[in-house]
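These notes concern the structure reproduced below.
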Amino acid sequence: MSAPWIPPSLAVRVTVLCGLIAFAMTGMLGGYFFFFARTTINAHADDQLIGRAEHFRRLVGDARSVQDLRDQSLMFSALLGATTDVLLLRRVGERPFVEVNPAGVAVPATLSAVPTDRGMTTRDVVRSPDHPRMHWVAGLARSGLDGATVEVVTGHPLESEMRMIDESRFQILRSTLMSIAVSVLLVYLALRQGLRPLRRVTDQAARIHPIDLSIRFPEDDAPRELRDMVSVFNAMLDRISLGYDRLSQFSADLAHEIRTPVGALIGQTQVALHRVRRPDEYQQVLESNLEELNRLSHIVDNILFLARADHAMLDIERAPLALDDELRGIADYFEGPAEEAGLRFIVRASGTALANAPLVRRALHNLVVNALRYSRPGTTVRLIAEPLQGGALIAVENDGAVIPAEQLERLFDRFYRADATGARPAASSGLGLAIVKAIMALHHGEARVSCSAAGTIRFELRFPGGEGR
């Protein structure tokens, strides 16, 4: 079985890309300098060849006759200098009367002589087709006394120049490869140094554990390119830590909430089994156990509802709901418990809400039960509904004890009860207001709570209109 392919590190990837870029750029520059050097060397050789030919044209013009030129052939050979160069002096269409051509190189048939009335240029230089490194140039000249026309032909093999070109090619290639290697090394070292913040982030991330979620990535010394990413990761860790804390608290509250009825069931059952009892005593134990079991069933139902609401598993249907009828129906339903608590209802409602009727009734039921539990005797519970721009508002107000601001922020938390540490024990599981918040989330609405300095507690349910679907 072949080993899985491991992708290279970011530093290696960037180094390879930079190496390719350096190869392309230095290759282009090296090629440019090489071709420039070769062109310059060839041009210099052609200039020297033209200068030599012009010099011999002047010598021919200074000679008295062709015979003098023939007699001075040794002088011309000495003036030519290079043993491999070629010099031919001849009448047009005749054999050369002065010939310096040690290698016996043939003159190109395409070579044409430059007239006597103009000088030679590089455009007059001809390369031999059978000897590419041999350059030729020819020009006409007139002898001084007899006025005979002489063709001056010079040739030069570019052997030393080609050696210079080959050496230049080697030097440029070597310097190009060296520059690429140095560039790649420097890029890799720079990346290793530049990626140190990422390694610090990795080290910090390795220390994060469910037991300790307080670790955060350093933002002060992070590069500008990584600062946004580090900030986003820290915000994500804040949300995870908050969610984990809530989950831990929820698990502890759930265990505490279930332990009470379970403990009561175990205790009552153990007492009943301690000795033989009469049938009516067993019936009382069963009735008490049934009450605790109903309480457990209610808690389980509420938790399942909240879990499904959190995971968007509920697809609710909404329809226009007459708010006045709904609030008056709630007031009629709780009229008896309100009279027993010394309370009364006032209903001021108008308009409609686009909502799911059973869920809205459940939310209002929880709010009214909460108001009846915490209102001062002799006060009024006010049920209010009014249309809003693009939606509707339902409010439940009651007068009770002033709730501190830090407790107001937690009233919608699961299993939180503001009176759990007070003089009287909590009479609910602490899930009612959490269910209200979940119901409003299913409606894409919002649940709010406020408390005045006089102790007026107001719960608001804000429903969106058709655009909130």
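The values are calculated or read from the model by the stated rules, or taken from the named source; none is laboratory data. Keep in mind it's a predicted model, so treat the numbers as computed, not measured. Note: ideal-geometry Cβ built from the backbone for every residue, glycine included; neighbour counts use all protein chains shown.
Looking at the structure I just gave you, is Ala331 buried (at least 16 other Cβ atoms within 10 Å of the Cβ), over 54 Å from the mean Cα position of the chain (by Cα), modelled with pLDDT of 90 or more and small (Gly, Ala, Ser)?
When the stated conditions are applied, Ala331 passes them.
Examine segment 185-193 for a residue that is without any contact (Cβ under 8 Å) to a residue 24 or more places away in the chain, closer than 15 Å to Ala22 by Cα and more than 22 Å from the chain's Cα centre (by Cα), and state whether such a residue exists.
Yes - at least one qualifying residue is present in segment 185-193.
Please indicate, with yes or no, whether at least one residue in segment 213-233 is in a helix (DSSP H, G or I), closer than 26 Å to Arg414 by Cβ and at pLDDT 75 or above.
First pass over segment 213-233, keeping only residues in a helix (DSSP H, G or I): 224-233.
With the extra rule that they be closer than 26 Å to Arg414 by Cβ, the set shrinks to none.
Looking for residues that are in a helix (DSSP H, G or I), closer than 26 Å to Arg414 by Cβ and at pLDDT 75 or above, one finds none in segment 213-233, hence no.
How many of the residues in segment 23-72 are part of a loop (DSSP other than H, G, I, E, B) and either crowded, with 18+ Cβ neighbours inside 10 Å or modelled with pLDDT of 85 or more (or both)? Break it down into steps so the answer makes sense when it comes.
If we filter segment 23-72 for residues that are part of a loop (DSSP other than H, G, I, E, B), which is where we start, we get 63-65, 72.
This time we only want the ones that are either crowded, with 18+ Cβ neighbours inside 10 Å or modelled with pLDDT of 85 or more (or both), so: 63.
Residues flagged as part of a loop (DSSP other than H, G, I, E, B) and either crowded, with 18+ Cβ neighbours inside 10 Å or modelled with pLDDT of 85 or more (or both) within segment 23-72 amount to 1.
Any residue in segment 83-96 that is in the same structural domain as Pro157 (by TED's automatic domain parsing) sitting within a Cβ distance under 8 Å of a residue that is part of a strand (DSSP E or B) and among the polar types (S, T, N, Q)? List the pairs, counting only those 6 or more apart or interchain.
From segment 83-96, the pairs are Asp85/Thr154; Val86/Thr154; Leu87/Thr154; Leu88/Thr154; Arg91/Thr149; Val92/Thr149.
Restrict the check to segment 343-357 and report whether at least one residue is part of a helix (DSSP H, G or I) and either assigned by TED's automatic domain parsing to the domain that holds Gly391 or touching a Gly at 6+ places or on another chain (Cβ under 8 Å) (or both). Talk me through it step by step, then tell me what you get.
In the first step, residues of segment 343-357 are kept if they are part of a helix (DSSP H, G or I); the result is 357.
After this cut, where a residue has to be either assigned by TED's automatic domain parsing to the domain that holds Gly391 or touching a Gly at 6+ places or on another chain (Cβ under 8 Å) (or both) as well, the list is 357.
Yes; the residues of segment 343-357 include at least one that is part of a helix (DSSP H, G or I) and either assigned by TED's automatic domain parsing to the domain that holds Gly391 or touching a Gly at 6+ places or on another chain (Cβ under 8 Å) (or both).
I'm trying to understand the selection: among the residues of segment 383-415, which are of a type in the set (Val, Ile, Thr) and part of a loop (DSSP other than H, G, I, E, B)?
Hits for segment 383-415 are Val402, Ile403.
Can you spot a residue in segment 155-175 that is in the same structural domain as Trp136 (by TED's automatic domain parsing), assigned to a loop (DSSP other than H, G, I, E, B), at pLDDT 75 or above and not aromatic (Phe, Trp, Tyr)?
yes
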